[in-house]
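The values are calculated or read from the model by the stated rules, or taken from the named source; none is laboratory data. Bear in mind that the values here come from a model prediction, so they are computed numbers and not experimental data. Glycine also receives a Cβ, built like all others from the backbone with ideal geometry; neighbour counts cover every protein chain displayed.
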Amino acid sequence: MVRGTREIYNLNLETVKEPRTMKPLRTAAVLASSALMTITLAPALAGEIVGKVKYAGNPPAPAKISITKDQAVCAKVPHLEESLLVAPDKGVKNVVVNVADPKDGKKMAAPAKNPTIDQNGCKFTPRVQVVPAGQPVDILNNDGILHNIHTLPKNNTPFNKAQPKFKKKMTEKFDKPDLVQIKCDVHTWMSGWVVVAGHPYYAVSDEKGAFRIADVPAGTYALEYWHEKLGKQTKPVTVPASGSVTADLEFPGK
């Protein structure tokens, strides 16, 4: 028996009502969309600090270092004193700049690979670097001669270890925030620095004296800048909720 047209097309809400199983999915999609909109529209609450560190005086020209041991390896290239490197426009290299008093308690993220201190050409490369507290650091010997790693920390346990030519890599770590000088007792001109950081708001100035510290929570801070020859200075800085603030820094001439 064929149903009447009215019976066939009399579709009411009960007939087209969505299955019960679709309701949770639709609700979840609406909530997810709302959350995404909230995240997208939320204002940024962190900015960056950019700037340049300059030397106010006339710096001395880097002195030549006399190579007194292992000349066949160490004297392949001339060695110059690198404790104060100033660009022609007075920008200072290897200045450690950091926010002295962050309030968020954030820790510096571990890098994808261990930081390295490379002994190549009888010098430490890099001369100055920042590593997270508790982070393993690989100490490399690419010279094929005997080196000796002697640390002079303030807050960590010092170590003084020989690294023969067959020992291409040693791994050490510094557990506490610190400023650690590194020497080689075999080659006394070798010197380097490891800044052990308790938070991520650090930078090391490049060869032009420029630096950048990203994702700093908005607020007013004391900005510290330290150099191995020029000492430590501070300057107040106010970081905006988004964008950047320029903090140009200067060391007095000596």
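Scanning region 82-104 for residues that are within 10 Å of residue 208 (Cβ to Cβ), in contact with a Ser or Thr (Cβ under 9 Å, 6 or more places away or on another chain) and not hydrophobic (A, V, I, L, M, F, W, C) yields 91, 93. All conditions in (1) farther than 28 Å from residue 50 by Cα; (2) in a loop (DSSP other than H, G, I, E, B); (3) at pLDDT 95 or above hold for residue 83, with the sole exception of (1). I'd like the residue in region 56-80 that is among the charged types (D, E, K, R) and assigned to a loop (DSSP other than H, G, I, E, B) and, out of all such residues, is surrounded by the most Cβ atoms within 10 Å (Cβ to Cβ). Here the residue is 70.
Scanning region 63-101 for residues that are within 15 Å of residue 121 (Cα to Cα) and among the hydroxyl-bearing types (Ser, Thr, Tyr) gives 66, 68.
Taking the conditions exactly as written (under 14 Å from the mean Cα position of the chain (by Cα), more than 22 Å from residue 155 (Cβ to Cβ) and aliphatic (A, V, I, L, M)), does residue 204 satisfy them or not? No.
Within region 129-143, take every residue that is outside any loop (DSSP other than H, G, I, E, B) and more than 16 Å from the chain's Cα centre (by Cα) and give me the one that is farthest from residue 198 (Cα to Cα).
That would be 141.
When 196, 186 are checked against the criterion of being modelled with pLDDT of 95 or more and either farther than 23 Å from residue 72 by Cβ or not assigned by TED's automatic domain parsing to the domain that holds residue 63 (or both), 196 stands alone in meeting it.
Do we find that residue 180 is surrounded by 13 or more Cβ atoms within 10 Å (Cβ to Cβ), more than 23 Å from residue 250 (Cα to Cα), in the same structural domain as residue 58 (by TED's automatic domain parsing) and within 18 Å of the chain's Cα centre (by Cα) in this structure?
Criteria met by residue 180.
Considering only region 86-128, state which residues are part of a strand (DSSP E or B) and surrounded by fewer than 19 Cβ atoms within 10 Å (Cβ to Cβ).
Across region 86-128, the qualifying residues are 116, 118, 125.
One line per residue, one yes/no per condition, for (1) at pLDDT 95 or above; (2) under 30 Å from residue 243 (Cβ atoms); (3) in contact with a strand residue (DSSP E or B) (Cβ under 7 Å, 6 or more places away or on another chain):
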{"site": "50", "(1), (2), (3)": "yes, yes, yes"}
{"site": "56", "(1), (2), (3)": "yes, yes, yes"}
{"site": "68", "(1), (2), (3)": "no, no, no"}
{"site": "77", "(1), (2), (3)": "no, no, no"}
{"site": "117", "(1), (2), (3)": "yes, no, yes"}
{"site": "125", "(1), (2), (3)": "yes, no, yes"}
{"site": "134", "(1), (2), (3)": "yes, no, yes"}
{"site": "141", "(1), (2), (3)": "yes, no, yes"}
